[in-house]
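The structure appears below as structure tokens.
Read the figures in this text as sums done on the coordinates, not as results from a lab. Computed from a predicted structure; not experimentally measured. All Cβ positions, even for glycine, are placed from backbone atoms using ideal geometry, and neighbour counts span all protein chains on display.
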Amino acid sequence: MGRAKKAVLAYSGGVDTSVCIPYLKQEWGVEEVITFAADLGQGDELEAIRQKALDSGASQSIVGDLIEPFITEFAFPAIRANALYEGRYPLSTALARPLIARRLVEIAREVGADAVAHGCTGKGNDQVRFDVAIGALAPDLKVLTPAREWGMSREQTIAYGERCGIPSPVSKKSPYSIDLNLLGRSIEAGPLEDPNVEPPEEIYAMTVSVEAAPDQAQSVEIGFEQGNPVSIDGLRLDPVSLIRQANALAGSHGFGRLDMVENRVVGIKSREIYETPGLLLLIKAHQELESLTLAADVLRTKRQLEQQWADLVYQGLWYGPLKDALDGFMDRTQQTVNGTVRLKLHKGNATVVGRSSASHSLFVHDMATYGAEDQFDHKAAEGFIYVWGLPTRLWAANQRRRP
Ligand code: ARG
């Protein structure tokens, strides 16, 4: 790989990505490093981060607000797909990566860079997501991954930074590695590396503990149009406000924590703690509305394809052909997913207590009822069961005849 002249670096403001700046210049001969820090609603002090990149040697430091596309183009499709990796993790970190990659590539074009760079290590999923996305969007750009190659320990990284004028972390460094955005927080490392150790309460920021949650239950009604959440308790909200509101509501009742051992793309099992209160609440409500509005065979097939969708997003294949094809299926199914779902939040739980769809409910009362209005033809069941059970009776008779 030839030398890069100008690189756009995905920048978080942490020590590792800061050290990437002088490292790229001094060790790899990159002439100019331009940083990009994405605002995904994580609540960081972005002006300080912008300045820190310049202090660390960036020739230009860009901060970009990606919150709106993050929610509408990445979180909402995940809700429509009820995406839960390994049946549990709603992909709050994974969903951000293809968007950051897309913006990195756009900036590289704007500034005439010949490379993009990121500070991911060689053990995680995020390197896969960035590299695959960039390769799909801009095969001509070099992808520089210093932290994957430099082989420095944390102490060595800090020392390298100090030699380049990058201050070492001031406060007593938290032992945790945390990735956060508007959808949630992913927490790993430190004491959590023992999967048998209970997560300490201090790691949580978006959810209260079950003990601290109010004794009083709270009802919440989520409205959906074509599979997208559009209102809470009858109040229409723009997508970003809706996610914020869902986070606040669910989090205040201790709903949305997840403690799991998951299988990374690179083959490692890792223990992860997540808190994604709003996203989990909305997926739960959305699943419920589909049970009312999707035909049985569509629903069953969709449940299988949802797993595929979650797998490929986790595995970094957002810009691949299967994702493209599955989106066609998902979008077609969502045309009828209109209505509301009511849930009760209480002490870490969100329990569905009602669902309705004025326009698309496939629940037909005269068919379901045991009352006098029953319209179902009970006599028709006999002929149906004769045909339905025929293969089973023939097979069983054959089994009996044989010794
Ligand atoms: N394991 C999760 C994922 O692959 C989250 C990783 C987040 N990174 C972190 N430093 N906590 O999507």
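In segment 303-403, which GluC sites (Glu not before Pro) are in a loop and have at most 13 other Cβ atoms within 10 Å, using DSSP for the loop call? Each step should come with its number before you reach the end.
Working: sites: E306, E373, E382; in loops: E373.
Sites meeting the loop and neighbour criteria: E373.
In order along segment 28-45, the phi-based Karplus estimate (6.51 cos²θ - 1.76 cosθ + 1.60, θ = phi - 60°) of 3J(HN,Hα) comes to 10, x, 6, 6, 9, 10, 10, 9, 10, 10, 8, 8, 10, x, 6, x, 6, 7 Hz; Gly and Pro are listed as x.
In deg cm²/dmol and to the nearest 500, what is the mean residue ellipticity at 222 nm of the chain if only DSSP H runs of at least 4 residues count, each as -39500 (n - 2.57), divided by the residue total?
Working: 13 runs with 158 residues, N = 403.
Per the formula, -12000 deg cm²/dmol.
If you take all other residues with their beta carbon under 12 Å from the beta carbon of S219, and give Lys and Arg +1 and Asp and Glu -1, the sum is 0. Where does the Debye-calculated log10 I(q)/I(0) of segment 93-238 sit at q = 0.15, 0.18 Å⁻¹, using only Cα point scatterers of equal weight, no solvent? So the normalised log intensities work out to -1.09, -1.23.
Of all the Cα-Cα pairs you can form in the chain, what percent are over 27 Å apart?
Values: 46675 of 81003 pairs.
Everything past 27 Å amounts to 58 percent.
Less than 5 angstrom separates the built amide H of K142 from those of A115, V116, all sequence-distant by 5 or more or on a different chain. When you count the other C-beta atoms within 10 angstrom of each residue and take the mean per peptide, 73-80, 147-154 line up highest first as 73-80, 147-154.
Inter-label distance, D55 to A205: 1.9 nm, where each label sits 7 Å from its Cα along the C-beta direction. In sequence order, segment 339-356 has phi-based couplings of x, 10, 10, 9, 10, 10, 8, 7, 6, x, 10, 10, 10, 5, 10, x, 8, 8 Hz under the Karplus curve 6.51 cos²θ - 1.76 cosθ + 1.60, θ = phi - 60°, and Gly or Pro positions carry x.
Lys and Arg at +1, Asp and Glu at -1: add these up for the other residues within a Cβ distance under 14 Å of G135 and post the number. The partial results should precede the final answer.
Values: positive: R97, R102, R129, K142; negative: D131, D140.
In short, +2.
Spatial offset of segment 83-125 relative to segment 314-372 amounts to 29 Å, using the alpha carbon center of each.
Other residues with beta-carbon under 11 Å from the beta-carbon of V353 carry, at +1 per Lys or Arg and -1 per Asp or Glu, a net charge of +1. Distance from a point 7 Å along Cα→Cβ of T392 to each backbone N in segment 359-386: keep the residues under 16 Å and list them by number. Residues passing the 16 Å test: 381-386.
Using C-alpha pairs under 8 Å with a sequence gap of at least 6, the mean separation divided by the residue count of segment 22-178 gives a relative contact order of 18 percent. Computed from label points 7 Å out along Cα-Cβ, the spacing between R88 and L46 is 3.3 nm.
Take every Cα pair under 8 Å whose residues are at least 6 apart in sequence, average their separation, divide by the length of the chain, and the relative contact order is 17 percent. For the chain, the share of DSSP beta bridges that are antiparallel, to the nearest 5, is 70%.
Over segment 251-342, what is the relative contact order in percent, taking alpha-carbon pairs closer than 8 angstrom and at least six residues apart?
Numbers: 67 pairs, mean separation 24.2, N = 92.
The normalised contact order for segment 251-342 reaches 26 percent.
For the ranges 93-105, 352-364, what's the packing order if you count other beta-carbon atoms within 10 Å of each residue, average per peptide, and put the highest first?
Values: 93-105: 23.4, 352-364: 13.5.
Ranked by mean Cβ neighbours within 10 Å, highest first: 93-105, 352-364.
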